[in-house]
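Readers should treat all values here as calculations from the given coordinates under stated rules, not as data from a laboratory. These numbers were taken from a predicted model, which means no experiment stands behind them. Methodologically, a virtual Cβ is constructed for each residue, glycine included, from the backbone with ideal geometry; neighbour enumeration extends over all protein chains shown.
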Amino acid sequence: MSQNYENHKRYYPLFHFFTVPLAALGLGVSIYACRITQNPMYGLIFFAFFLIFIVAVMSRTFALKAQDRAIRAEENLRYFILAGKAIPNAVSLSQILALRFASDEEYLALTDRAVNENLSPDELKKAIKNWRADYHRI
């Protein structure tokens, strides 16, 4: 199946549908049990689930930041190859992340539109005619 605007978002089931919900559920149950029983042991369980939840969220955040930096570097190089100059400073990171889906033929024009019309990432993705898939980012 080819990637397009409708299906480009990806989920990692083990993280999105298992780890985070389970950590949130454990956090909620431990809060409830701590309030009902007044047992200090449930306070420790709450603390453990709280840490698990924070670690899960932070690990995801760190991974996304690293991917964002890699995509920004790739797209800066791509723009330089196509235009012979650096990507304009007015292009935000979120716009760069959206522009990565644009084909080389429409990349420069969409970058100019992003600057001149201050298009949102969603508007940029919808404006892409020839979608360039990114199967690596989750």
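A few notes on this one:
- Some residue of segment 39-56 being surrounded by fewer than 16 Cβ atoms within 10 Å (Cβ to Cβ) and closer than 26 Å to L93 by Cα: yes
- Once segment 22-38 is narrowed to residues that are among the aliphatic types (A, V, I, L, M) and surrounded by fewer than 17 Cβ atoms within 10 Å (Cβ to Cβ), the residue that is nearest to V57 (Cα to Cα) is A24.
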